[in-house]
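For reference, the structure is listed below as structure tokens.
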Amino acid sequence: MRNKRTADALQNAALLLLTVSALFLLLRTPLLPSGRAAASPAAPAPVQEPAGELNAMLGSVHIMVTADSEYGRYGQLCADSQDALVQRIIPLLREALGSAAELEAAAHQDFRDALKGSALYLDFTAQLPLTALAACLDESAVSQHGVRGAALAAGSGEGVSLYLRSEDGGLFRCATALPASAVEEVCASVSPNGSSFAYETNYTALDPYTLLASEVRQPPELQAGLPAGYTDYNLLTAMDFNAHTNSRYTDRDGAVVVEESPRTLRIGLDGKVVYSNAPPPLYRAAEKEAQTSLTDALRDAWNLATLLTGGTGASPLYLSGMDEEEDGYVVRFRYQVEGVPVCFPDESAALEVTVRGAAVTAFTYRCRSYTPSEESGAPLLPPAMAAAMASLHPDSGLSLAYVDGGNANLSPGWLAQ
Amino acid sequence: METFRLKNIAILILLLLNIGLLALIASQRWQSRRVESETVRQLETLCQTSQLTLNSRLQLSQPLLSSLSLSRRGETERAIAVYLLGGSAVSASQGGGIYSYSSEKGSIQFRAGGSFDGSRLSVEVDDITEFAQQFCSQFGYQNMTADVNSRSGSVTAVQEVAGVPVYGCTVSLYFEKGVLTGVTGAHVSLENAAVESAGRIDCITALVRFLDYRNAAGVVCSEVTDIQCVYIFQAAAAAVRLRPAWRVETDTYPYFVDCTTGDISRG
């Protein structure tokens, strides 16, 4: 009897041991996922990037960097947000804006003197209200000054001076808490390439702060057209209309007009979408009782832009302007490809959104899709030649752009504007 | 009796299962080692044809690191400020994510990207080397190099997280006649760090990329003396990140091969 019990216990122990061993070995085979995390000092959960962040709408910029003007400047046209240099400058601009003291008017000569030392100059390629620019950088600003360009100048003191320039010639300066070493470090990491501002050259007819780059990369040729997702159904769904509504008709131009009183949506064959909304509101703007703030208007317009491009598969949009009106705001967006803006011959925006009260009351949208082409087109004119030609148009600036006149293929070119 | 037999059968089945699994694991390991040694052999042949020698002590089977997104840690900033400026250091927000700590010994600014900067400090130091060593050991800086003569000069060190050096995350302490006059550097903390993406380029692929780069860019070097997976500090627009990279030490300069993109830069 005792032997039987011992044998039974041994059997149980062997069964347990072999089961545990088999499970252990099974976990170490490729038959089951091992669950071993990637070798890393820390293995927390993956990051979920927050959607709809305003900083995604900031368009491309022209950059001018000066470490020591004796050796010249570094200039770069149409650098988008993925550019390594932009990625280094934007945090500095955010810190400078966030820590800025009170704005005061500045003299252009002081500004030009500041640009002779270690300085970073950004031309936003479009004038934006300072509040909108700050919102794009996750900061806040109380001033409503229009900003076309901003410069971070290390100067002779410990702190960096922030200069803000508007298209009408206004120039403002403020002290910031950003240490000069932060700007000097970025400036020292860039080698001069012989670029200059227009005021330093013989092209005095140009806007004085036009950035004349000595070398420009050749942007790609583009294939342009309506995106495959440009359908009535997608647009109506994206905008919370009833996609199966019978309140629609086709006008004599072939455009589909959908009326859901008081809202009207016109979807053109050429990709032009027009929305209007007689008061009372509205479409998807956050519910607010009073007049919406500039930041809220910007957010509402950006949400709409994201819905329209996401719903149709169109190319992404970037902020290109914002105006304050008596009872609301008009926010404009443009297309850009690899940092180079796409313009329309009538100089209209790709998306123009009107926000009144607390809602989007109207918008006009040109739904387009742009794809870089493998084909190489005619090379750009040399920058010096382009500057000479642009200087025939007084007070114009010089930039790169595509002009979309409805053709299937677009070539980059110089734009004097 | 029936139970006794059934248990024996179960033991036999489990025994066979264990033997089978062991054989599977052993064959898998043997195969991966064979592939690895074959790859190493091919790499050596490739290097030989390009007149590049691989040091025999190279560890080619090192694990890959993951890219990390970091959060700011105010407690560490305060600790650094207190260490350098004393317990009376008072913090103040300057806006834009810039915090300054001030005391009668000076002021240090800490920025959102993890960097800090203090000039015009006046901190009396008895023993510069000991002061710097204690600072480095308290805040995780290694590879300290001192260039001090007559109690004046500078000390620099590189931060390590979990034993991995973080290039770009250094500290420099400046002394004049036994007084700490300036500090500049960056510090990161792995607390609340989040894994963004695992690296894709292993050690051998990194060496092949380096070889291509050497041939294309005309890099002058004849031997790879060491290779190590390290972190590169990146304070970009979106966030503060640690990007894994292979640091390839040669008999001339060190080079970094990005573990995600494969981009190569000189150290």
Exercise. Restricting attention to the alpha-carbon atoms of the stretch A:316-364, what are Rg (one decimal) and Dmax (integer), both in Å?
Worked result: 11.8, 36
For this session: May I ask you to derive the FRET efficiency for residue B:46 and residue A:257 from their Cβ-Cβ distance with R0 = 45 Å, giving the value to the nearest 0.05?
Result: 0.10
Problem set entry | Globularity ratio of the stretch A:122-229, using Cα Rg and 2.2 N^0.38 Å | 1.33
For this session: Once you have the Cα-Cα distance between residue A:17 and residue A:113, take 0.36 nm times their residue separation minus that, and quote the gain in nm to one decimal.
Result: 26.4 nm
Seminar exercise, completed: Whole-Hz Karplus couplings 3J(HN,Hα) for the stretch B:63-79, θ = phi - 60° and coefficients 6.51, -1.76, 1.60, Gly and Pro as x, run x, 7, 9, 9, 6, 10, 9, 10, 10, 6, 10, x, 4, 5, 4, 5, 4
Problem set entry | Whole-Å distance, taken between Cα centres, linking the stretch B:147-219 and the stretch A:173-241 | 31
Problem set entry | Cα pair distances in chain B, grouped into 5 Å bins until the bin that holds the longest one, percent each | 1, 5, 10, 12, 12, 11, 10, 9, 8, 6, 4, 4, 3, 2, 1, 1, 0, 0, 0
For this session: At most 15 other Cβ atoms within 10 Å plus a DSSP loop assignment makes a site exposed; report the longest stretch of chain B without any exposed trypsin sites (Lys or Arg not before Pro).
Result: B:201-267
Problem set entry | Qualifying GluC sites (Glu not before Pro) for the stretch B:172-267 [loop in DSSP, other Cβ within 10 Å: at most 16] | B:191
Seminar exercise, completed: Listed residues B:219, B:35, B:164; largest mean-square fluctuation, Gaussian network over chain B with Cα springs below 10 Å, found at B:35
Seminar exercise, completed: Inverse of <1/r> over all distinct C-alpha pairs of the stretch B:72-186, i.e. the Kirkwood Rh in Å, gives 14.2
Exercise. So for the pair residue A:215, residue B:212, with labels modelled 7 Å out along Cα→Cβ, what separation do we get in nm?
Worked result: 2.3
Problem set entry | Residues whose placed amide H lies under 5 Å from that of residue A:214, excluding near-sequence neighbours | A:75, A:195, A:196
Exercise. Does the protein assembly as shown come out rounded, prolate or oblate by the C-alpha gyration tensor, with a ≥ b ≥ c the root eigenvalues, rounded set by a/c under 1.5 and, if not, prolate when a/b is larger than b/c and oblate if not?
Worked result: oblate
Problem set entry | Taking chain B and dividing mean pair separation by its residue count, relative contact order in percent (alpha carbons under 8 Å, at least six apart) | 20
For this session: Under a cut-off of 30 Å between alpha-carbon atoms, report the lysines in cross-link reach of residue B:177, not counting same-chain residues fewer than 8 places apart.
Result: B:105
For this session: Would you please name the GluC sites (Glu not before Pro) within the stretch B:113-174 that are DSSP coil residues with at most 16 other C-beta atoms within 10 Å of their C-beta?
Result: none
Problem set entry | Within 10 Å of each Cβ in A:223-231, the average number of Cβ atoms from other chains | 0
Exercise. Using only helices, what value at 222 nm comes out for chain B when you add -39,500 (n - 2.57) per DSSP H run of length 4 or more and divide by the total residues, to the nearest 500 deg cm²/dmol?
Worked result: -11500 deg cm²/dmol
Exercise. Efficiency by 1/(1 + (r/R0)^6): what FRET value for residue B:192 and residue A:26, r their Cβ-Cβ distance, R0 = 30 Å, to the nearest 0.05?
Worked result: 0.30
Exercise. How crowded by other chains is A:90-103, given as the mean number of beta carbons from other chains within 10 Å of each beta carbon?
Worked result: 4
Problem set entry | Theoretical ellipticity at 222 nm over chain A - DSSP helices of four or more residues, -39500 (n - 2.57) apiece, nearest 500 | -7500 deg cm²/dmol
Seminar exercise, completed: Output ordering of A:184-194, A:201-211 (per-residue mean of other Cβ within 10 Å, highest first) is A:201-211, A:184-194
Seminar exercise, completed: Largest-first semi-axes in Å of the equivalent ellipsoid built from the Cα gyration tensor of the stretch A:222-372 are 23, 21, 13
Problem set entry | Cut-off of 10 Å, at most 10 other beta carbons, DSSP loop: longest stretch of chain A lacking such trypsin sites (Lys or Arg not before Pro) | A:37-251
Problem set entry | the stretch A:55-212 pair-distance distribution - Cα-Cα, 10 Å bins, rounded % | 11, 46, 38, 5
Seminar exercise, completed: Quick shape check on the stretch A:301-417: root eigenvalues a ≥ b ≥ c of the Cα gyration tensor, a/c under 1.5 is rounded, otherwise prolate if a/b tops b/c, else oblate, and it reads oblate
Seminar exercise, completed: Distance in nm between residue A:6 and residue B:148 label points, each 7 Å along Cα→Cβ, equals 7.3
Exercise. Looking at the stretch A:204-280, which GluC sites (Glu not before Pro) are DSSP coil and have at most 14 other C-beta atoms within 10 Å of their C-beta?
Worked result: A:215
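Bear in mind these aren't lab numbers, they're just calculated from the coordinates by the rules spelled out. Note that the structure is predicted; figures quoted are calculated from it, not measured. All Cβ positions, glycine included, derive from the backbone under ideal geometry; neighbour counts span all protein chains shown.
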